[in-house]
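Here's the structure, in structure tokens; my notes come after.
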Amino acid sequence: AASCSGHGRCSGRDGTCRCFDGWSGASCADHAGVMNCDSDEDCGRGTCGAERICECDGKHIGPMCESCDAGRFGPGCEGQCDLAASCSGHGRCSGRDGTCRCFDGWSGASCADHAGVMNCDSDEDCGRGTCGAERICECDGKHIGPMCESCDAGRFGPGCEGQCDLAASCSGH
């Protein structure tokens, strides 16, 4: 699982790190001599490290630890999306406020209510899932979407087998 040393974000597309400005390398651990702090006060929700680079607290990311890490939201980034629950497989958890953003044809706090839309006749119609009793695709734990065609948050690659390490995402940078 990619952690990106806290200096980037793990791509859900292929599991590689997308480094923030001033950082490079496969795990975003190499910095370009960019110093962004003189004291802890400069680092928002982190500390100023020995190399004068902000080291974020694990809930925050960004050059000055100013943004919530993936799947976190709210004041102090204390809220955390339940990425495992994944909005019943019919939506995505919003990192802004922790609510589910439902796919078309689905509603409710956990996207479990459907609008009578039937999207399958057999398991073959559901990609990486099964056709349920109400003729609605029920995705495995790695896929989401009306036809179980997309990788769930933090997953990537063939069969969505790869998983980004969202808890250790990118050392806060």
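The values are calculated or read from the model by the stated rules, or taken from the named source; none is laboratory data. Since the structure is predicted, the reported quantities are computational estimates derived from the model, not experimental observations. Cβ coordinates were reconstructed from backbone atoms using ideal geometry, including for glycine residues, and neighbour counts include every protein chain displayed.
I'm trying to understand the selection: among the residues of the stretch 125-143, which are over 18 Å from residue 158 (Cα atoms) and out of contact with any strand residue (DSSP E or B) (no Cβ under 7 Å at 6 or more places or on another chain)? Across the stretch 125-143, the qualifying residues are 133, 134, 135.
The number of residues in the stretch 99-127 that are in a loop (DSSP other than H, G, I, E, B), within 30 Å of residue 79 (Cα to Cα) and touching a residue at least 24 places away in the same chain (Cβ under 8 Å) comes to 6.
Looking at 155, 101, which is the one that is among the charged types (D, E, K, R), crowded, with 21+ Cβ neighbours inside 10 Å and touching a Gly at 6+ places or on another chain (Cβ under 8 Å)?
155
Among strands (runs of 3 or more DSSP E) entirely within the stretch 1-79, having at least 2 residues that are at pLDDT below 80 and surrounded by fewer than 18 Cβ atoms within 10 Å (Cβ to Cβ) singles out no element at all. Scanning the stretch 128-162 for residues that are part of a strand (DSSP E or B) and not hydroxyl-bearing (Ser, Thr, Tyr) turns up 129, 131, 137, 138, 139, 143, 144, 151, 155, 156, 162. Looking only at residues that are in a loop (DSSP other than H, G, I, E, B) and crowded, with 21+ Cβ neighbours inside 10 Å in the stretch 80-98, which one is farthest from the chain's Cα centre (by Cα)? Selected residue: 90.
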